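K.L.:
Encoded as structure tokens, here's the structure I'll be asking about.
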Ligand SMILES: Nc1ncnc2c1ncn2[C@@H]1O[C@H](COP(=O)(O)OP(=O)(O)OP(=O)(O)O)[C@@H](O)[C@H]1O
Ligand SMILES: [Mg+2]
């Protein structure tokens, strides 16, 4: 089976950076997987996710999604790729304050030239936020805003759902709810790639946990059900890694 995401020897050195934010990372993600990328602050998690999203280019190496080498796409091609294939959820939601929740969710579809009101309504229902569709973001809780942001990420039926610390700005309860929703989406067939520095969250929800440190993959663990119920082993390992 060909991988949905394939990184081959990817290095990213930011301008002015003394060392690489990513150093020779190779990685594949299969369709339908729920993968967590874990690691301490500054280890390169967001850099990795941004490269997969086509938000940035690697300094060297190759990033391919669905068999397309993103390095062969120019600015316009990358923008089209993102619109058609990537849903991105951020830590701080980034909803547009002057649009209602529903208008925020419809925006990516409009940019693509499609009308998706029925699908948006479905997503609001599925994510348990149909009562807030006509409210402005300022009148929503953090958990509600993040669910709106997830609906917005899903409106164009992306091949890949990417989430960078999606629970980082939420209280424990709302965070757990958002994680449960991501798991439900994966069970329904959505490929999910999640970045978190929270080992507990990663091991509880993801079947595969990739640990990154200093821009390198230092562990790549596929957890069976028993390990996920008692993930102490991995937690110990990840603590060793972040020391
Ligand atoms: N736009 C940028 N320009 C220059 N350096 C950057 C840029 N973005 C990230 N870096 C650097 O690259 C390294 C990796 O950063 P990255 O944001 O990928 O880490 P992270 O694992 O997501 O951290 P955190 O958990 O704090 O979000 C860090 O040393 C960071 O300072
Ligand atoms: Mg980050």
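K.L.:
What list do you get for 193, 111 if you sort them by fewest beta carbons within 10 Å?
P.N.:
Numbers: 193 24, 111 11.
Taking fewest neighbouring Cβ atoms as first place, the list is 111, 193.
K.L.:
How high is the relative contact order of the chain, in percent, with contacts defined as C-alpha pairs under 8 Å that are six or more residues apart?
P.N.:
Values: 459 pairs, mean separation 64.3, N = 243.
Relative contact order for the chain comes out at 26 percent.
K.L.:
Still on this structure, I have one more. Pull out a ≥ b ≥ c, the square roots of the eigenvalues of the alpha-carbon gyration tensor of the chain, then state rounded if a/c is under 1.5, prolate if not and a/b is larger than b/c, and oblate in the remaining case.
P.N.:
Values: a/c = 1.74, a/b = 1.26, b/c = 1.39.
In terms of gyration-tensor shape, oblate.
K.L.:
Let me ask something else about it. Pull out the extension gain between residue 204 and residue 176, defined as 0.36 nm times the separation in residues minus the alpha carbon to alpha carbon distance; nm, one decimal. Present the calculation step by step, with values, prior to reporting the outcome.
P.N.:
Working: separation 28, 0.36 × 28 = 10.08 nm, distance 1.03 nm.
Contour length minus Cα-Cα distance gives 9.0 nm.
K.L.:
So what's Rg/Rh here for the range 16-83, counting alpha carbon atoms and using the Kirkwood radius for Rh? List each step's numbers first, then the result.
P.N.:
Numbers: Rg = 12.7 Å, Rh = 13.3 Å.
When Rh is taken as the Kirkwood radius, the ratio is 0.96.
K.L.:
By how many nm would the segment from residue 184 to residue 8 grow when fully extended, if each residue of separation counts as 0.36 nm and the alpha-carbon distance is taken off? Present the calculation step by step, with values, prior to reporting the outcome.
P.N.:
Working: separation 176, 0.36 × 176 = 63.36 nm, distance 2.99 nm.
Difference between extended and current length: 60.4 nm.
K.L.:
Please compute the contact order of the range 1-50 in relative form: average sequence separation of alpha-carbon pairs under 8 Å and at least six residues apart, divided by the residue count, as a percent. Kindly include the intermediate steps, with their values, before the conclusion.
P.N.:
Values: 62 pairs, mean separation 17.3, N = 50.
For the range 1-50, the relative contact order is 35 percent.
K.L.:
Got the relative contact order for the range 33-98 handy, in percent, Cα pairs under 8 Å and 6 or more residues apart?
P.N.:
On the way: 28 pairs, mean separation 14.3, N = 66.
Rounded, it is 22 percent for the range 33-98.
K.L.:
Angle between the Cα long axis of helix 101-112 and the longest principal axis of the chain, 0 to 90 degrees, nearest 10?
P.N.:
Value to nearest ten degrees: 70.
K.L.:
Assuming 0.36 nm per residue, please report the length gained on full extension of the stretch residue 80 to residue 214 beyond their Cα-Cα distance.
P.N.:
Values: separation 134, 0.36 × 134 = 48.24 nm, distance 3.15 nm.
This chain segment gains 45.1 nm when fully extended.
K.L.:
To continue, here is another question. In nm, to one decimal, how far is the residue 96 label point from the residue 135 one, both placed 7 Å along Cα→Cβ?
P.N.:
According to this spin-label approximation, the distance is 2.1 nm.
K.L.:
While we're on this one: Going by how many other Cβ atoms sit within 10 Å of their own, how do 65, 212 line up, fewest first?
P.N.:
On the way: 65 21, 212 24.
Listing 65, 212 from fewest to most nearby Cβ atoms yields 65, 212.
K.L.:
To the nearest 10 degrees, how steeply does helix 172-187 sit against the main Cα axis of the chain, on a 0 to 90 scale?
P.N.:
Computed tilt is about 90 degrees.
K.L.:
For the chain, what proportion of DSSP beta bridges, expressed in % and rounded to the nearest 5, is antiparallel? Before the final figure, lay out each step's value.
P.N.:
Details: 18 of 36 bridges.
Percentage antiparallel, nearest 5: 50.
K.L.:
Please rank 218, 148, fewest neighbouring Cβ atoms within 10 Å first, as an exposure proxy.
P.N.:
Details: 218 16, 148 26.
Going from sparsest to densest Cβ surroundings: 218, 148.
K.L.:
For the chain, what does the helix formula give at 222 nm: sum of -39500 (n - 2.57) over DSSP H segments with n ≥ 4, over the residue count, nearest 500 deg cm²/dmol?
P.N.:
Numbers: 9 runs with 93 residues, N = 243.
After summing the helix terms and dividing by the residues of the chain, the value is -11500 deg cm²/dmol.
K.L.:
Taking R0 as 45 Å, what's the FRET efficiency between residue 26 and residue 122 from their Cβ-Cβ distance, rounded to 0.05? Please list the in-between numbers first.
P.N.:
Numbers: r = 38 Å, r/R0 = 0.84.
Working from the Cβ atoms, E equals 0.75.
K.L.:
So what's the angle, to the nearest 10 degrees on a 0 to 90 scale, between helix 142-154 and the longest Cα principal axis of the chain?
P.N.:
Rounded to the nearest ten degrees, it is 80.
Taken together, the values in this text are just the output of simple stated rules run on the coordinates, not laboratory data. Treat the numbers as computed from the prediction; the structure is a model and nothing was measured. Every residue, glycine as well, gets a Cβ built from its backbone with ideal geometry; the counts of neighbours run over all protein chains shown.
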